[in-house]
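Student: If you scroll down you'll find the structure; I have some questions about it.
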Amino acid sequence: MSGTAECPVCDLVHLLKKRNVTAYLYSPLSFIPSRMMRGLSEAGYRPEERGMFIEVRAEEFPALIRAAGNMGGLTQMEKDAVTLCFIEEGSSFGMESLAHTKSLAQWERILGAGDLLEVLQQGRIVTRFQPIVDFCAKEMFACECLSRGEKGDGTLISPGELFGSAKKAG
């Protein structure tokens, strides 16, 4: 998938399809690693301390991003301070791995953009019409149109989340 000048994030969305990855998390804030270890463990992962880094294996990279984003109640500033890098199974860490290095907050934005891009590419905008009723006159006098994005699993994405993802993605 090639990106465009209009959407540099689109260049990165394909990375979300990666499976069987090893991720490395780092934060210069001394209190975050213990929260990361605990949060990832509670999410069913088996993180291991590797010096300054935490190493964790995951079958699905997006699930790991979601788990890492929810761990330990991290604030947005703390997520900005967590660096997450991954390598694919069978690969070794090298200079090309640096292209996969972003803050946790950036990976979350890319994940949101991936949902948005998938909804748009597959035409999964669902529109429903809701009647507006005049209860005094006991009659419908108009309809409002409610649109939502629909994920591949059928769950709906609220307009706030959908447009918020677009705004964050740039």
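Student: Between a residue in the range 130-155 that is open to solvent by less than 80 Å² (accessible area, probe 1.4 Å) and any residue that is among the small types (Gly, Ala, Ser) and in a strand (DSSP E or B), which pairs come within a Cβ distance under 7 Å, given they are 6 or more apart or on different chains?
Tutor: Ile132/Ala142
Student: Can you name the residue in the range 117-129 that is open to solvent by 50 Å² or more (accessible area, probe 1.4 Å) and of a type in the set (D, E, K, R) and is also nearest to Cys85 (Cα to Cα) among such residues?
Tutor: Looking only at the range 117-129, we keep the residues that are open to solvent by 50 Å² or more (accessible area, probe 1.4 Å), and these are 118, 120-123, 125, 127-129.
Those still in the list that are of a type in the set (D, E, K, R) too: 118, 128.
Working: Glu118: 23, Arg128: 41 Å.
Ranking the candidates gives Glu118 first.
Student: Still on this structure, I have one more. Please enumerate the residues belonging to the range 19-49 that are under 18 Å from Glu78 (Cα atoms), modelled with pLDDT of 90 or more and among the aromatic types (Phe, Trp, Tyr).
Tutor: Within the range 19-49, Tyr24, Tyr26 qualify.
Student: Is it the case, given these coordinates, that Gly164 is in contact (Cβ under 8 Å) with a residue 60 or more places away in the chain and small (Gly, Ala, Ser)? Can you show your working first?
Tutor: On the way: in contact (Cβ under 8 Å) with a residue 60 or more places away in the chain: no; small (Gly, Ala, Ser): yes.
Spelling it out, it is not the case that Gly164 is in contact (Cβ under 8 Å) with a residue 60 or more places away in the chain and small (Gly, Ala, Ser).
Student: Further question: Look through the range 161-170, keep the residues that are open to solvent by 60 Å² or more (accessible area, probe 1.4 Å) and out of contact with any helix residue (DSSP H, G or I) (no Cβ under 7 Å at 6 or more places or on another chain), and return whichever of them is farthest from Val126 (Cα to Cα).
Tutor: Gly170
Student: Assess whether Ala99 counts as being free of Cβ contacts under 8 Å to residues at least 12 places away in the same chain, within 30 Å of Arg57 (Cβ to Cβ) and of a type in the set (A, V, I, L, M, F, W, C).
Tutor: Details: free of Cβ contacts under 8 Å to residues at least 12 places away in the same chain: yes; within 30 Å of Arg57 (Cβ to Cβ): yes; of a type in the set (A, V, I, L, M, F, W, C): yes.
Yes; evaluated as a whole, the condition is true for this residue.
Student: Right, here's the next one. Identify, by number, the condition in (1) under 30 Å from Met71 (Cα atoms); (2) part of a loop (DSSP other than H, G, I, E, B) that Ala166 doesn't meet.
Tutor: Of (1) under 30 Å from Met71 (Cα atoms); (2) part of a loop (DSSP other than H, G, I, E, B), only one is false for Ala166: (2).
Student: Go through the range 35-116 and tell me which strands (runs of 3 or more DSSP E), entirely inside it, have 1 or more residues that are open to solvent by 50 Å² or more (accessible area, probe 1.4 Å) and closer than 17 Å to Ser165 by Cβ. Steps first, please.
Tutor: Details: elements: 48-50, 53-60, 83-88.
Ranges flagged: none.
The values are calculated or read from the model by the stated rules, or taken from the named source; none is laboratory data. These numbers were taken from a predicted model, which means no experiment stands behind them. When we count neighbours, we look across all protein chains shown, and the Cβ atoms used for this are built from the backbone with ideal geometry, even at glycine. Heads up: the accessible areas ignore ligands, DNA and RNA and are worked out on the full protein's heavy atoms, side chains in. Shrake-Rupley method; radii C 1.70, N 1.55, O 1.52, S 1.80 Å.
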